[in-house]
Amino acid sequence: MMAVEVAAGLVFGSMALLADGLHMASHASALAVSAVAYRYTRKHARDQRFNFGTGKVNFLAAFASAVLLVVFAFIMGSESIQRLFSPVRIVFNQAILVAVLGLAVNSVCLLVLREKDHHHPGEHENGQRHRDHNLWSAYLHVLEDALTSLLAIFALVAGKYLGWVWMDPIMGLIGTVLVMHWSSGLIRSSSRVLLDM
């Protein structure tokens, strides 16, 4: 869905759709980099060339991923500002359809994650239920994606029916801020570990 939204944003001229797709991409790329780093770390766990083990590989991967996302955010932000002053033609009907489809996919993912959380509760020592933090983190990421999909739909509908074409690049700027906020937090936390703070 992420790839569809990015492609549709480019083809249909919608910055809101492109921002929604790139916001999903920021989460997906972080997960992908984490998976690769985790696999590398386990494979080389006993490699003697690593004087202090491979523990920092995950943090190095997170840092690199976050820096890459900042670059994407700057590109997205500058393109959004440019479109505020020089609007491009948006194919509203198709863009709205893709945004609604993105919201539907995110909604299904939210239901699946909520169902998993209810069926696989952890327990404290005293027997009380507690939340699976990995599932909860994933749920929050998908919830954020669903909210950006809603905002993209609002911007596109406002552009089509009210003539507020400026809402589309504004959504691109909001997407930029979200990606920058998420990435800067990841840069701060991973760099502290890399610098042994």
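Numerical summary
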read-out: Approximate spin-label separation Val71-Arg114, in nm, with each point projected 7 Å along Cα-to-Cβ; value: 3.9 nm
read-out: Mean Cβ count within 10 Å, highest first, over the residues of peptides 172-183, 7-18; value: 7-18, 172-183
read-out: Protection proxy ranking, peptides 92-102, 74-84, average beta carbon neighbours within 10 Å, highest first; value: 92-102, 74-84
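Taken together, the values in this text are just the output of simple stated rules run on the coordinates, not laboratory data. Just so it is clear, the structure is predicted and the values come from calculations on it, not from any experiment. Positions of Cβ are backbone-derived with ideal geometry, glycine not excepted, and every protein chain shown enters the neighbour counts.
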